[in-house]
Amino acid sequence: MQTQTFLQRMWRWLIAPSQEINEPDQRRQATLLSALLLMLILGGALVEVITIFTTDQPHYTGYWDTLIALSPIAVVYAISRTGRIRLASVLAISLVVAAIYFTGWAQSYGEQGVFLNYLILPLWLGSLYLSFWELVSLMLFELVSLLLVPVFVLKLTFNEILIGPFSFIFMMSILLIVLTRHRNLLELDRRRELTEKERRSRREASRAAALLRVAERLNAQLDLDALLTAISEEVTRALNTPISLIALYDPKEKAFYSRTAQGIAPDLIQSMSPFPRAFYDSTIKELGTIFALPDLQAFSQLPNLDLFKSLELCSLAFATMKYEQELIGSLSAFSAGERRNFTEDELLLLHGLADQAALAINNTRLYKEARRRLEHLQSLRLIDIAIASNHNLQDILNVLLEQITKQLEVDAAAILLFDEASLQLNFGMSLGFQTSTLRYTSLQLGEGMAGRAALERRTVHVPDLRSDPQSLVKAPALAKEGFVSYYASPLISQGHIKGVVEIFQRSMLNPEDEWLGFLETLAGQAAIAIENTALFEVLQRTNAELVKAYDATIEGWSHALDLRDKETEGHTQRVTELTLELARAFGYSDRQMIYIRWGGLLHDIGKMGIPDRILLKEGPLTEDEWIIMRQHPVYAHEMLRTIQYLRPALDIPYCHHEKWDGTGYPRKLKADEIPLLARIFAVVDVWDALTSDRPYRPAWSREKALAYVRENAGLHFDPHVVEKFTALIR
């Protein structure tokens, strides 16, 4: 190691190029020149030392000649150790040429011509350090000077020079020039290739940076409208276009509807015609899922072409938004005023943006769906509280109508009560009406849409009251309200009609199946509320059914979470059941068991806020990704704390990753600071993870997993909980 260090130091001091030289090729040339000059100096000195010790001349002074000859070489060597490699190389070549001529001059008659052949050496050295035309100039100089040698050296004839050194130098010069030219061309090709690779790498890095920036921005958006606005802004920014357009696909209508744009007025977006799925399929079959149209006018079948012409849109770049084979929509970027040929890199960037957008839209929809389901649960809970704590029918109906209009997002609603004695539907309460028309409503079974819903015991629907104005009994009076869509759903409890809930909307209403299902759920709640005023004991039985409904909904929700993260599918149900068994050993009551069960089912609900790129990542997470992943208990707390009936179940979702020694997350609670339920669940959660198969490892044996749990008592787990758990497992 010491020898290697010494050699490295010698190399750095004597041969390594100056720090002023940065370009790799120049550093290699400087290293070679310094090495050659140093070898000449050391070689000359060595020869002279050997001569001094071996000569038999008593007064030998030849070392002065050697010293004089090596002095200019040493000067050139010193220059080569600086950043002036160009000057050093020119001086070195000049010295070699001069040395060959003077040495050749001093040779005897028979050796002069042969020694001049060494003029090939400066040409070889010049091929390394001179430009092509400088090398040609050096060659011409040597050839001309060779022809002038007979003028100064009378012993040599012109023919001897021409046949000897001149012809040799001429042929070698031609060969050297050809090789040098070929080498320069190869180097030029290499530099071009490196330049192109660097340019391509920069483009890819720029594209990756843009996608990363977009991903960070999109992942922070949970509102769909804000997300779409962010996407359209990023498209115009990334592709440097004045206009971008986002269309979302509606699977029911099998058409793409323009939703958000940058550079187009909102009223124009609303006026755009949707383009059907069939047109999309035929277009991508011909052009692909990502394509560019330099001239929109040439694509006469394009929907909204007249509108695009009026906006002076000229060129189009289009990309499909898909998520796991599900068609989400499309991204379009337009040039205005002049045609533009979108490059392949720009289309690749648009493709990446489309993939990021599809993922973000899907996550936002999932989040919105989760929030909506939470709100539905909260709404059912509010209605449940109203039913359980209040026997005043008007108060209960008021709560019902508020939740109906809020959760279904409709303009008005009314409840008609069924009188079993007269077999009539009478006005109960309404919300959202501008007049009091319905206050005097009284319908027979089968009369009007509400009577028909009660008689047929099914939900009835009038899509457009304007096209069928006489479908409602109070149609003339209701016309003043400006209603367009109408729904009526029967209120049925225990197989008996209790009334009808009517839904009114002042615009077209085309709800999804989940909306209709929740309408029927609310209708069922309303029927229960009505019956509660007469039969309080029925309410108790109904309340038990509602608790089961909540439990089933939460269980279904937890199952949906398991399906999202397929690595842990079935995990939630298993840990919940085992946690209930362990909790019984601690003496929890049956009422508390309900909240323990909900806490177990919802323990990973916070992962709804974790991006798929992190949650579903196959490899290990980075430190930054772990920071995001460790936020899921906080997300669970934020999502559930506003739902009053789930607050007793918060300990498990919020604290099940805390550790006994205080190294857990998110709050680094320690020992008894951690709620007991979270300590119980932590043991069960780890036990199930260890004893279940995962893609990255097989399940552990029960003995091995139990040994791990016991080893971590006092570190990860509460020792008392581990003791109880060990007794339960054994």
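Scan (1) in contact (Cβ under 8 Å) with a residue 40 or more places away in the chain; (2) farther than 20 Å from F275 by Cβ for the single condition M321 breaks and write down its number.
(2)
Take residues that are touching a Leu at 6+ places or on another chain (Cβ under 7 Å) and small (G, A, S) and tell me which of the strands (runs of 3 or more DSSP E) falling wholly in the range 387-466 contain 3 or more. Explain how you work it out, then say what you get.
Numbers: elements: 412-419, 424-431, 442-444, 460-462.
Fully inside the range 387-466 and qualifying: 412-419.
Of these, I246, I264, which one is assigned by TED's automatic domain parsing to the domain that holds T343, surrounded by 19 or more Cβ atoms within 10 Å (Cβ to Cβ) and in contact with a Lys or Arg (Cβ under 6 Å, 6 or more places away or on another chain)? Full working, then the answer.
Details: I264 fails: in contact with a Lys or Arg (Cβ under 6 Å, 6 or more places away or on another chain).
It is I246.
This table checks each residue for (1) hydroxyl-bearing (S, T, Y); (2) in contact with a strand residue (DSSP E or B) (Cβ under 6 Å, 6 or more places away or on another chain); (3) assigned to a helix (DSSP H, G or I).
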| residue | (1), (2), (3) |
| --- | --- |
| F342 | no, yes, no |
| L347 | no, yes, yes |
| G352 | no, no, yes |
| A357 | no, yes, yes |
| N362 | no, yes, yes |
| R365 | no, no, yes |
| E369 | no, no, yes |
| S379 | yes, no, yes |
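Every residue in the range 654-673 that is part of a loop (DSSP other than H, G, I, E, B), over 30 Å from the mean Cα position of the chain (by Cα) and small (G, A, S), please.
Residue satisfying the conditions is G662 alone.
Restrict the check to the range 274-285 and report whether at least one residue is surrounded by fewer than 19 Cβ atoms within 10 Å (Cβ to Cβ), at pLDDT 85 or above and touching a strand residue (DSSP E or B) at 6+ places or on another chain (Cβ under 6 Å).
Checking the range 274-285: at least one residue is surrounded by fewer than 19 Cβ atoms within 10 Å (Cβ to Cβ), at pLDDT 85 or above and touching a strand residue (DSSP E or B) at 6+ places or on another chain (Cβ under 6 Å).
Within the range 543-597, count every residue that is of a type in the set (G, A, S) and modelled with pLDDT under 80. Outline the logic, then answer.
Going residue by residue through the range 543-597, those that are of a type in the set (G, A, S) are 544, 549, 552, 556, 558, 560, 570, 583, 585, 587, 589.
Retained after the next criterion (residues that are modelled with pLDDT under 80): 544, 549, 552, 556, 558, 560, 570.
Matching residues across the range 543-597 total 7.
Pick from the range 53-83 the residues that are part of a helix (DSSP H, G or I), surrounded by fewer than 13 Cβ atoms within 10 Å (Cβ to Cβ) and over 60 Å from the mean Cα position of the chain (by Cα): which of them is modelled with the lowest pLDDT?
Our first condition is that a residue be part of a helix (DSSP H, G or I); within the range 53-83, this holds for 53-54, 62-80.
Filter once more, so that each one left must be surrounded by fewer than 13 Cβ atoms within 10 Å (Cβ to Cβ): 53-54, 62, 64-65, 68, 71, 78.
Then drop every residue that is not over 60 Å from the mean Cα position of the chain (by Cα), which leaves 53-54, 62, 64-65, 68, 71.
On the way: F53: 77, T54: 77, G62: 62, W64: 72, D65: 65, I68: 75, S71: 81.
If we take residues in the range 53-83 being part of a helix (DSSP H, G or I), surrounded by fewer than 13 Cβ atoms within 10 Å (Cβ to Cβ) and over 60 Å from the mean Cα position of the chain (by Cα), then G62 is modelled with the lowest pLDDT.
Those residues that are among the polar types (S, T, N, Q) and not in a helix (DSSP H, G or I), I need them from the range 594-653; list them, please. Walk me through it before giving the result.
As a first pass, look at the range 594-653 and keep what is among the polar types (S, T, N, Q): 622, 631, 642, 644.
Selection gives T622, Q631, T642.
Out of the residues in the range 614-644 that are within 22 Å of A357 (Cβ to Cβ) and surrounded by 14 or more Cβ atoms within 10 Å (Cβ to Cβ), state the one that is nearest to the chain's Cα centre (by Cα).
Among residues in the range 614-644 that are within 22 Å of A357 (Cβ to Cβ) and surrounded by 14 or more Cβ atoms within 10 Å (Cβ to Cβ), the one nearest to the chain's Cα centre (by Cα) is I614.
Can you tell me which of A689, A713, A671, A682 is small (G, A, S) and in contact with a Pro (Cβ under 7 Å, 6 or more places away or on another chain)?
Numbers: A689 fails: in contact with a Pro (Cβ under 7 Å, 6 or more places away or on another chain); A671 fails: in contact with a Pro (Cβ under 7 Å, 6 or more places away or on another chain); A682 fails: in contact with a Pro (Cβ under 7 Å, 6 or more places away or on another chain).
Step by step, each of A689, A713, A671, A682 is checked, and only A713 is small (G, A, S) and in contact with a Pro (Cβ under 7 Å, 6 or more places away or on another chain).
When residues of the range 231-273 are filtered for being hydroxyl-bearing (S, T, Y) and assigned to a loop (DSSP other than H, G, I, E, B), how many remain?
So in the range 231-273, the residues hydroxyl-bearing (S, T, Y) come out as 232, 236, 241, 244, 249, 257-258, 260, 271, 273.
Then drop every residue that is not assigned to a loop (DSSP other than H, G, I, E, B), which leaves 241, 273.
Total satisfying the criteria: 2.
Each row is one residue, and each column tells you yes or no for (1) surrounded by fewer than 17 Cβ atoms within 10 Å (Cβ to Cβ); (2) at pLDDT below 85.
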| position | (1), (2) |
| --- | --- |
| D345 | yes, yes |
| A388 | yes, yes |
| L397 | no, yes |
| E409 | yes, no |
| I415 | no, no |
| F418 | no, no |
| S430 | no, no |
| T435 | yes, yes |
| L438 | no, yes |
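Yes/no matrix, rows are residues, columns are (1) touching a His at 6+ places or on another chain (Cβ under 9 Å); (2) under 22 Å from E253 (Cα atoms); (3) surrounded by 20 or more Cβ atoms within 10 Å (Cβ to Cβ):
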residue: M321; (1), (2), (3): no, yes, yes
residue: I328; (1), (2), (3): no, yes, yes
residue: S335; (1), (2), (3): no, no, yes
residue: N341; (1), (2), (3): no, no, no
residue: L349; (1), (2), (3): no, no, yes
residue: L366; (1), (2), (3): no, yes, no
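The values are calculated or read from the model by the stated rules, or taken from the named source; none is laboratory data. All values derive from a computational prediction rather than experimental measurement. Glycine gets a Cβ as well: all are built from the backbone with ideal geometry, and neighbour counts include every protein chain shown.
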